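Peer 1: Take this structure, written in structure tokens, and hold onto it; I'll ask about it next.
Nothing in this text is a laboratory measurement; each read-out follows from the coordinates by a stated rule. Computed from a predicted structure; not experimentally measured.
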Amino acid sequence: MKLRISNQSLRLRINQDDLVQLTATGRLEEQFGNNAVGSWRYTLASHKSKQIEIKIGSNDITIFIPQANVAEWNDTDRVSFERSVSGLRILLEKDFQCLTDRPGENESLNFENPKSRH
């Protein structure tokens, strides 16, 4: 799972294994940092409500995605879900393979880029 924060926008990208785990367990979690410098956690968790929610703590961010959206993401070609919450833009999307080689990056778990089929 990749996290990008810019201004009042937060974007999470998930690969194929992430989607399998989210579907099976209802949760993805990553930690940035370590004990020496401190750490910070970001989580994507499925829940029963009907819309995307966010909770921001001092050392963590949790994005809650409806279980129905997780099922749709897994069962269809749906690429993304988006919502604004209190002025924060949240974008959840599948991570596609790049169309050009990116040395040093392993994209084997990313979704096939739809533009590569043309």
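Peer 1: Find how much the distance from E29 to E105 grows on full extension, using 0.36 nm per residue of separation minus their present alpha carbon separation; answer in nm with one decimal.
Peer 2: 25.3 nm
Peer 1: Here is a further query. Can you list residues from other chains, or at least 5 along the same chain, whose modelled amide H is less than 5 Å from the amide H of D95?
Peer 2: Result for D95 returns I14, N15, F111.
Peer 1: Expected output is a single nm value to one decimal: the length gained when fully extending between S84 and Q8, i.e. 0.36 nm times separation in residues minus the C-alpha distance. What is it?
Peer 2: 26.4 nm
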